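The block underneath contains the structure these notes are about, expressed in structure tokens.
The values are calculated or read from the model by the stated rules, or taken from the named source; none is laboratory data. These figures come from a predicted structure and were not determined experimentally. Glycine also receives a Cβ, built like all others from the backbone with ideal geometry; neighbour counts cover every protein chain displayed.
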Amino acid sequence: MNKQTINYKQILPGIILAISFVFITNPVMSQEEIKWYSFEEALERSKEDPKHIFIDVYTDWCGWCKKMDASTFADPVIVELMNKYFYAVKLDAEQKDTIYFMEKAFVNPEPEKRRFSHQMAQALLKGKMSYPSFVFLNDKNEWLTVVNGYVKSVDMEPVLTYFGEYLYASKTWEQFKATFVSKLTGAGN
């Protein structure tokens, strides 16, 4: 048997190049993530640079909320739209912290009880507590709409575009959907 020695100095650059290529060309490994803000951070940023606010109202025990994080919110097209058009907020519907909005304090009235919802979540969802739910505020922090339940990328993309590009001000949803062209390939997740 002929033993050959490996010269690592010669093959190391090739290995590094190959690994770099995998990270650059694999969208799952190289993609950006949605920039999530606290509710207060989003309001402050919106004062300086007005944008819509997207609020993901979730709970820690919600399986569909976790699926949204792993699929729809990880999709590169959704990430791009969210970061371009929105200040994205993750709002735990059962959080214990006080939130100040429109000169009013919102609290969880029973913070020690399990599955007791925060007043901010109740206000944003208009008392219809369902998780996950997605609330859209315009750039003046006015409530536009809420979308309830798990939403696939292929269904979320037009909603984000419709609100993000202010098309709701000039077109009905039906008019918009009739001409919308998706950037997603395939059926989405």
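Structure notes:
- The listed residue being more than 20 Å from K183 (Cβ to Cβ), surrounded by 19 or more Cβ atoms within 10 Å (Cβ to Cβ) and in contact (Cβ under 8 Å) with a residue 60 or more places away in the chain, out of Y131, Y100: Y131
- None of L81, L124, L91 is surrounded by 13 or more Cβ atoms within 10 Å (Cβ to Cβ), out of contact with any Cys (no Cβ under 8 Å at 6 or more places or on another chain) and closer than 25 Å to K183 by Cβ except L81.
- Selection from segment 94-111 of residues that are closer than 18 Å to D60 by Cβ and of a type outside the set (V, I, T): E94, Q95, K96, D97, N108, E110, P111
- Some residue of segment 104-111 being touching a Cys at 6+ places or on another chain (Cβ under 7 Å) and either in a loop (DSSP other than H, G, I, E, B) or farther than 16 Å from L137 by Cα (or both): no
- Those residues of segment 63-99 which are among the aromatic types (F, W, Y) and touching a helix residue (DSSP H, G or I) at 6+ places or on another chain (Cβ under 7 Å), in sequence order: Y85, F86, Y87
- Any chance M68 is over 30 Å from R114 (Cβ atoms), within 14 Å of the chain's Cα centre (by Cα) and at pLDDT 95 or above: no
- Pair list, Cβ under 7 Å, 6 or more apart: segment 45-56 residue touching a residue at least 40 places away in the same chain (Cβ under 8 Å) and assigned to a helix (DSSP H, G or I), other residue crowded, with 17+ Cβ neighbours inside 10 Å and among the aromatic types (F, W, Y): R45/Y37; R45/Y87; S46/Y87
- Tally, over segment 134-157, of residues that are of a type in the set (D, E), without any contact (Cβ under 8 Å) to a residue 60 or more places away in the chain and surrounded by 16 or more Cβ atoms within 10 Å (Cβ to Cβ): 0
- Evaluated against (1) part of a helix (DSSP H, G or I); (2) among the hydrophobic types (A, V, I, L, M, F, W, C); (3) closer than 20 Å to T145 by Cβ, V77 falls short on exactly one condition, (3).
- Of the helices (runs of 4 or more DSSP H) entirely within segment 112-189, those holding at least 2 residues that are over 17 Å from V57 (Cβ atoms) and either among the aliphatic types (A, V, I, L, M) or within 17 Å of the chain's Cα centre (by Cα) (or both) occupy 153-164.
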